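The values are calculated or read from the model by the stated rules, or taken from the named source; none is laboratory data. Not measured: the values here are computed from a predicted model. Every residue, glycine among them, receives a Cβ derived from its backbone with ideal geometry; neighbour counts consider all protein chains shown. Remember, those area values only see protein heavy atoms, side chains included, never the ligands or the DNA or RNA. Shrake-Rupley method; radii C 1.70, N 1.55, O 1.52, S 1.80 Å.
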Amino acid sequence: MSEDQQQQFLAAVAALQQQAALAQAQQQQQINALNLSQQLQQAQQIQQQQQLPANFPNFNLPPVEKIGGPKYRQLVKTIEEIGKDLKPIYCNNKISTERYKRSLIHLRNLIRECQAEVEKDRVGQNQKLAADLAKLDKEHSSTRSGSLHFIHDYSNPSISTREIPTEGGVFRFTFLPDQSKLVAALTTGRLAIVSTSDHNIVQSNVISDTMLLDVSPSPSPSSTTVLSSTNQGSLILYDIDRMDTVQRWDAHALPWTNEPCEVWTCEMLEDTVVCSGGEDTVLKVWDTRSIERPSSQIKMFDAGVTFIESIGEKTLLTGSYDESIRVIDLRSPKTPLHQVKCHGGVWHLEKATMGWIASCMYGGWMMLDDDFHLIAQDTAAGATLLYGSGVSPDGKTMAYCTFNDYALTVSHLNNDQTNWSDAFPIP
C-alpha cells in the first residue's frame with residue numbers, strides 16, 4: 001500500500017471513530033433526558049400525593065400538659081439523676097451506689113404516683129362536674145360539707161354522739177394541752193375551735209387560700225398559738241385567741257421542679273421550735289425566729305412524711321407513705337432509734353394504754369407496745385382506706401374510721417379476752 005493510500009485509510013478510521021463517539025454521546029443524552037423525564041414525573045406524583053389528605057390512624061394522643069404533671073417531671077428528673085450515678089458506680093463509688101439504691105426506691109414510688117396522675121386525668125371531667133355541682137350546692141343551699149362527732153359513751157356510739165357541723169371538711173384535729181378545746185384544720189382554709197365542755201364552735205377567718213392539712217398546739221399551757229400546714233407548701237403560726245396570723249412562710253417544695261408541695265404534718269416542739277414533713281420526703285426543723293432556712297433537715301424517708309409527734313426530749317415519732325414507722329433522736333438523726341415496717345402508708349399514730357395504735361391506710365391498723373413491738377393487727381380493716389384509729393382509756397374498746405365507706409367501726413374485747421392479741425392474733 002502506497003503512502004497516500006495509508007493516509008486515506010487512517011483518515012477513514014478516524015472519521016468512523018468520531019461518528020461512533022458522536023452516536024454514543026447522542027445515546028447518552030437520550031438516556032439522561034429519559035431519566036430526567038422519569039424524575040419529573042415522580043416529583044409530580046409526590047407533589048400530588050402531598051396535596052392529598054394524609055390517611056394516618058388517629059391515636060388521640062393527649063396534650064403534653066396532661067402527661068407532664070409534677071410527678072411526671074419528677075420521674076424524668078430522677079431518671080436523669082440516676083444516669084449521672086452510673087459511671088461512678090462502675091468505679092465502685094460507695095456514695096453513688098447508696099444514692100442509686102435510694103433513687104430506685106423513689107423511682108418505684110414515682111411510677112405509682114404517675115399512674116395515679118394518669119388516672120386522675122382520666123376522670124378529670126367527672127371531677128370538674130362534681131366540683132361545679134358542689135359549688136352550685138354551696139351557693140344555693142345551707143348544707144355544710146363537714147362535721148365533728150363527740151362520742152360520750154364509746155360502748156354504744158350510735159346513741160351517744162353529738163354532731164357539730166363545720167364549714168368545710170375536717171382534715172385533721174388536735175386538742176390543746178389542757179384538753180379544754182379541740183382545734184381542727186379545715187379544707188376551706190379555716191380553723192375550727194370547739195369547746196370540749198359545751199361544744200360551742202368558733203371558726204377562724206380564712207388563713208389560707210388553699211386547704212389546711214394539719215394543726216398542732218404549742219406545748220406551753222399558757223400559749224394560744226397553734227401551727228398549721230397547707231397543701232401548697234406553707235406553714236402558718238396562728239393565735240386562736242386573737243384570731244390573727246402571727247407568722248407564715250414557705251416550707252416545702254419539690255426538689256426537681258421547685259413547685260410547692262403538700263405539708264402533710266407539723267408539730268410544735270417549743271414556742272420557737274417547730275417541725276414539718278412534706279411530700280418532698282423531708283422532715284424539717286425550724287426556728288421561728290429565723291425562717292429563711294430550716295435549722296436541720298432529715299432525709300431518711302423514701303416517700304412523703306405524713307405524721308410527726310414529739311414523744312420526749314428531742315425525740316420524734318414519725319410516719320410516712322414509705323410504709324414505715326420511725327423513732328428519731330434529733331441529736332443523732334441519721335439512724336432511727338426504732339423502725340417498724342407496716343403494710344401500708346402510715347397516716348396517724350395514737351397513744352394507747354398498751355403503747356401505740358397506727359392507722360396504716362390500705363394496710364389496716366397495728367397495735368404496738370411502748371418498745372414498738374407488734375401486739376395485734378388487722379390488715380383487712382384497710383380495704384376501704386383506714387385513716388384514724390384509737391383505743392379507749394380502759395383498753396377494752398377500739399375504733400377506727402374508714403374513708404371510702406364513711407364508716408366508724410367499734411370493737412370490744414370479750415369477757416374471755418384479756419388483750420387485743422387474743423381478738424386479732426398476728427398471722
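Tell me yes or no: at least one residue of the stretch 168-182 is more than 13 Å from VAL215 (Cβ to Cβ), modelled with pLDDT of 80 or more and surrounded by 18 or more Cβ atoms within 10 Å (Cβ to Cβ).
First pass over the stretch 168-182, keeping only residues more than 13 Å from VAL215 (Cβ to Cβ): 168-169, 177-180.
From what's left, modelled with pLDDT of 80 or more: 168-169, 177-180.
Then keep just the ones that are surrounded by 18 or more Cβ atoms within 10 Å (Cβ to Cβ); that gives 168.
Checked against the condition, which is being more than 13 Å from VAL215 (Cβ to Cβ), modelled with pLDDT of 80 or more and surrounded by 18 or more Cβ atoms within 10 Å (Cβ to Cβ), the stretch 168-182 yields at least one hit.
Restricting attention to the stretch 127-161, and to residues there that are basic (Lys, Arg) and surrounded by 11 or more Cβ atoms within 10 Å (Cβ to Cβ), which single residue is modelled with the lowest pLDDT? If you could, list the steps in order and put the result at the bottom.
Let us first name the residues in the stretch 127-161 that are basic (Lys, Arg), namely 128, 135, 138, 144.
Retained after the next criterion (residues that are surrounded by 11 or more Cβ atoms within 10 Å (Cβ to Cβ)): 138, 144.
On the way: LYS138: 57, ARG144: 48.
Only one residue tops the list, namely ARG144.
For the stretch 357-377, residues that are aromatic (Phe, Trp, Tyr) and more than 14 Å from SER324 (Cβ to Cβ) total 2.
From the list ALA407, ALA399, ALA376, pick out the single residue that is exposed (fewer than 15 other Cβ atoms within 10 Å of the Cβ), among the aliphatic types (A, V, I, L, M) and at pLDDT below 95.
Numbers: ALA399 fails: exposed (fewer than 15 other Cβ atoms within 10 Å of the Cβ); ALA376 fails: exposed (fewer than 15 other Cβ atoms within 10 Å of the Cβ).
Selected residue: ALA407, the only one of ALA407, ALA399, ALA376 that is exposed (fewer than 15 other Cβ atoms within 10 Å of the Cβ), among the aliphatic types (A, V, I, L, M) and at pLDDT below 95.
What is the one condition in (1) open to solvent by 40 Å² or more (accessible area, probe 1.4 Å); (2) within 30 Å of LEU148 (Cβ to Cβ); (3) at pLDDT 95 or above; (4) among the polar types (S, T, N, Q) that GLN339 does not satisfy? Just one mismatch for GLN339, condition (2). Whether a residue is part of a strand (DSSP E or B), in contact with an Asp or Glu (Cβ under 7 Å, 6 or more places away or on another chain), surrounded by 20 or more Cβ atoms within 10 Å (Cβ to Cβ) and free of Cβ contacts under 8 Å to residues at least 60 places away in the same chain was assessed, and LEU227 does not pass this test.
Can you find, within the stretch 353-373, the residue that is most open to solvent (accessible area, probe 1.4 Å) among those that are within 19 Å of THR418 (Cα to Cα) and of a type in the set (D, E, K, R)? Result: ASP370. Has the stretch 208-221 got at least one residue that is buried (at least 24 other Cβ atoms within 10 Å of the Cβ), of a type in the set (Gly, Ala, Ser) and assigned to a loop (DSSP other than H, G, I, E, B)? No, that holds for no residue. Scanning the stretch 230-252 for residues that are open to solvent by 50 Å² or more (accessible area, probe 1.4 Å), hydrophobic (A, V, I, L, M, F, W, C) and farther than 15 Å from VAL273 by Cα gives a single hit, MET243. SER310 - would you say it is surrounded by 15 or more Cβ atoms within 10 Å (Cβ to Cβ) and hydroxyl-bearing (Ser, Thr, Tyr)? Yes, satisfied.
How many residues, within the stretch 273-307, are among the aliphatic types (A, V, I, L, M), open to solvent by 20 Å² or more (accessible area, probe 1.4 Å) and within 25 Å of PRO70 (Cα to Cα)?
Residues of the stretch 273-307 among the aliphatic types (A, V, I, L, M): 273-274, 282-283, 285, 291, 298, 300, 303, 305.
So of that shortlist, the ones also open to solvent by 20 Å² or more (accessible area, probe 1.4 Å) come out as 273, 291, 300.
Subset that is within 25 Å of PRO70 (Cα to Cα): 300.
Within the stretch 273-307, residues that are among the aliphatic types (A, V, I, L, M), open to solvent by 20 Å² or more (accessible area, probe 1.4 Å) and within 25 Å of PRO70 (Cα to Cα) number 1.
Residues in the stretch 367-376 include at least one that is under 30 Å from the mean Cα position of the chain (by Cα) and on the phi > 0 side of the Ramachandran plot.
Tell me, which strands (runs of 3 or more DSSP E) wholly within the stretch 248-328 include 1 or more residues that are free of Cβ contacts under 8 Å to residues at least 24 places away in the same chain, aliphatic (A, V, I, L, M) and within 22 Å of LEU212 (Cβ to Cβ)? If you could, list the steps in order and put the result at the bottom.
Details: elements: 265-268, 273-277, 283-287, 296-298, 305-312, 315-320.
Fully inside the stretch 248-328 and qualifying: 273-277.
When the strands (runs of 3 or more DSSP E) confined to the stretch 341-427 are screened for residues that are in contact with a Cys (Cβ under 9 Å, 6 or more places away or on another chain) and closer than 29 Å to ARG112 by Cα, those reaching at least 3 such residues are found at 386-391. Scanning the stretch 90-108 for residues that are aliphatic (A, V, I, L, M) and open to solvent by 40 Å² or more (accessible area, probe 1.4 Å) yields ILE95, LEU104, ILE105.
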